[in-house]
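The values are calculated or read from the model by the stated rules, or taken from the named source; none is laboratory data. Note that the structure is predicted; figures quoted are calculated from it, not measured. Don't worry about glycine lacking a Cβ; one is built from the backbone with ideal geometry, like all the others, and counts go over all protein chains shown. In case anyone asks, the SASA skips ligands and DNA or RNA and just uses the protein heavy atoms, side chains included. Shrake-Rupley method; radii C 1.70, N 1.55, O 1.52, S 1.80 Å.
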Amino acid sequence: MKNYPSIRTKLPGPNATQYLEKEKKFVSPSSTKGYPLVVKSAKGMAVTDVDDNIFLDFTSGVAVCNTGHNHDQIVASISSQASTLIHMSGADFYNPLQIQLAEKLSAICPGSYTKRVFFGNSGAESVEAAFKLARYHTKRSIVIAFYNAFHGRTMGALSLTASKLNQRKHFLPLIPEVIHIPYAYCYRCHYGLTPDNCHMACVTWIREELFKTKVPPEDVAAIFVEIIQGEGGYIVPPKEFHKALYQLTRDFNILYIADEVQSGMGRTGKMFASEHFDIVPDIITLAKGIASGLPLSATVASEKIMNWLPGSHASTFGGNPVSCQAALTTIRLLEEGLIDNAAKQGDYMINELKKLERTYPIIGDVRGLGLMLAAEIVKDKETKEYAPEVRDSIIQKAFSKGLLLLGCGRSAIRFCPPLVVSKTDVDVALSIFEECLKAAMQSKF
């Protein structure tokens, strides 16, 4: 019988409170923390805090621990590699594991051609590499990104990000020649249309307006697009959106760059979310779930595109041997059943969430693919008015009951559990979530 969730103390507990006091004194306040969880250990779906409270994790450490926390085979591969070689910079020396992982990524990433891989340490680094590579390869300066997009917080990635104002505030000016446009957020269509009558206006507008009034298409290096917007709200566009956007890039010889940092590595029920849309990106960025919690990112492109000269870009720690070994084991575990489980449990969970959507008026929209799911919380189903305070209260209530959730977008709750999640885990999470919905409704009315 599973021993989670199990809340034994007031939250935060006495030990957690001591750490929180030191955190305020010694740690940068620039990061965001939604609730006072101070983690001691984790295994599978369970996270234990420093006061021995045990939580059911539907965050995966922000969509990172796709194989579950501390999977036995991941731990064994890390331990074995650490006893052999921890570091020898791939920027200056040859690393067999880096080469093996690059070969594997070349094989599994969309496209039947040979691909090359640049390794970094984080999603932002993979985006930075893609940004630089796009300009280097095309000799063009302009890039297009989308409102609500999150691509990272380093200066180049931040220039593409348009998710929350605080991420940009006081950091201007950023990288020039980045143009933002509306995403296919059909629940809140920028053009006031619906998918059955819009004729992909969000893509047509680029062709008929942007390219004819402000932006010369021959000067555009790339369009950066999250296949499913992550922090922006777990927004799943219609299949026609990516098809039309991809065709636009073909028509004007523009690179189509897919940010799959959060949507990749099996999370959506396929290895990459772009497979759901029948898209073969020119460049794909990966991180988060690639190495089950170890720092690693990959920027993958065809050998034709990744043709920059030695010295153009490098990373001291990128492609660390231990991280690469963890990634190779991660991919094997994904291929051996975890991707299938993500599809199976995701189908079950979204159907159950849609039942809650029909029952509770504060759920305006349920959306997602696989185990990348969201429920958007609203004040009124008709007006669709954002309800961030209600959303945050639900997340806090869930935490107090032992369920870890995260927000996304202005008013949505994301569900991104490890891909080892069982139906029982889903049922427990949904039961707690419904309790929190009821409590939020009572406090609202």
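Probe radius 1.4 Å, ligands and nucleic acids ignored: give me the carbon and sulfur share of the accessible area of region 79-139 as a rounded percent.
Carbon with sulfur: 56 percent of the solvent-accessible area.
Taking trypsin sites (Lys or Arg not before Pro) that fall in a DSSP loop and have at most 15 other Cβ atoms within 10 Å as cut points, what is the longest piece of the chain between them?
Longest run free of exposed loop sites: 34-138.
How high is the FRET efficiency between D427 and S141 when r is their beta carbon distance and R₀ equals 56 Å, given to the nearest 0.05?
After rounding to 0.05, the efficiency reads 0.60.
Starting from the Cα of E208, step 7 Å along the direction of its Cβ; do the same at K43; then give the gap between the two resulting points in nm.
The answer from the label model is 6.0 nm.
What FRET efficiency, computed as 1/(1 + (r/R0)^6) with R0 = 25 Å and r the Cβ-Cβ distance, is obtained for R250 and Y187, rounded to the nearest 0.05?
0.30
Once you have the Kirkwood Rh of region 208-279 from its Cα pairs, apply Stokes-Einstein at 37 °C and 0.692 mPa s and quote D in µm²/s.
250
In Å², what does the accessible area per residue of the chain work out to with a 1.4 Å probe?
So the chain comes to 44 Å² accessible per residue, rounded to a whole number.
Would you mind classifying region 308-445 by shape? Square roots of the alpha carbon gyration tensor eigenvalues, ordered a ≥ b ≥ c; an a/c under 1.5 is rounded, otherwise it is prolate if a/b is larger than b/c and oblate if not.
In terms of gyration-tensor shape, prolate.
Between D219 and S443, 0.36 nm times their residue separation minus their Cα-Cα distance comes to what?
Additional length available on full extension: 75.3 nm.
What is the magnitude of the charge dipole of the chain about its Cα centre, with +1 placed on the Cβ of each Lys and Arg, -1 on the Cβ of each Asp and Glu, and no other charges, expressed in debye to the nearest 20?
Dipole magnitude for the chain comes out near 680 debye.
Search the structure for amide H atoms under 5 Å from the amide H of A298, placed 1.01 Å from N in the peptide plane, and list their residues when 5 or more places away or on another chain.
Placed amide hydrogens put G120, L286, A287 under 5 Å from A298.
In whole angstrom, how far apart do the alpha carbon centroids of region 13-70 and region 271-297 sit?
A separation of 25 Å, based on Cα centres.
If you stretched the chain out fully between D72 and T114, how much longer would it get, using 0.36 nm times the residue separation minus the C-alpha to C-alpha distance?
Additional length available on full extension: 11.9 nm.
Set the Förster distance to 60 Å, then compute FRET efficiency between N3 and N307 from the Cβ-Cβ distance, nearest 0.05.
Once the sixth-power term is evaluated, E becomes 0.65.
Region 304-360 to region 174-202: how many Å between their Cα centroids?
Each part's Cα centre sits 26 Å from the other's.
Given region 74-147, report the % of alpha carbon pairs whose separation exceeds 17 Å.
The proportion of pairs with Cα distances above 17 Å equals 64 percent.
If a/c stays under 1.5 just call it rounded; otherwise compare a/b with b/c (prolate if a/b is bigger, oblate if not). Do that for region 222-361, with a ≥ b ≥ c from the square roots of the Cα gyration tensor eigenvalues.
Oblate, because a/c is 1.5 or more while a/b does not exceed b/c.
Considering Cα pairs under 8 angstrom that are at least six residues apart, work out the relative contact order of region 246-328 and quote it in whole percent.
Relative CO of region 246-328 lands at 24 percent.
At E382 and Y94, where each label point lies 7 Å from the Cα along Cα→Cβ, what is the point-to-point distance in nanometres?
7.1
Is the shape of region 159-283 best called rounded, prolate or oblate, per the rule: a/c under 1.5 gives rounded, else a/b larger than b/c gives prolate, else oblate, with a ≥ b ≥ c the square roots of the Cα gyration tensor eigenvalues?
Taking the square roots of the gyration eigenvalues as a ≥ b ≥ c, region 159-283 is rounded.
Please report the relative contact order for region 315-435, taking Cα pairs under 8 Å with a sequence separation of at least 6, and give it as a percent rounded to a whole number.
RCO, region 315-435: 22 percent.
Given the -39500 (n - 2.57) contribution per DSSP H run of 4+ residues, what per-residue ellipticity at 222 nm results for the chain, rounded to the nearest 500 deg cm²/dmol?
When only DSSP H runs of four or more count, the value is -10500 deg cm²/dmol.
Looking at the P(r) of the chain, how many percent of alpha-carbon pairs lie beyond 33 Å?
35
Greater than 31 Å separation of Cα atoms is the criterion. Which listed pairs, K214/K243; K239/K355; K22/K288; K115/K212, meet it?
The answer is K115/K212.
Using the Kyte-Doolittle scale, which helices in the chain average at least -0.5 and also have C-alpha atoms spread 20 Å or more along the helix axis, with helices defined as whole DSSP H runs?
Those that clear 20 Å and a mean of -0.5 are 123-138, 423-444.
Please state the relative contact order of the chain as a whole percent: Cα pairs under 8 Å, 6+ residues apart?
So the answer I get is 22 percent.
Write down the percent of antiparallel bridges among all DSSP beta bridges whose residues are both part of the chain, to the nearest 5.
65
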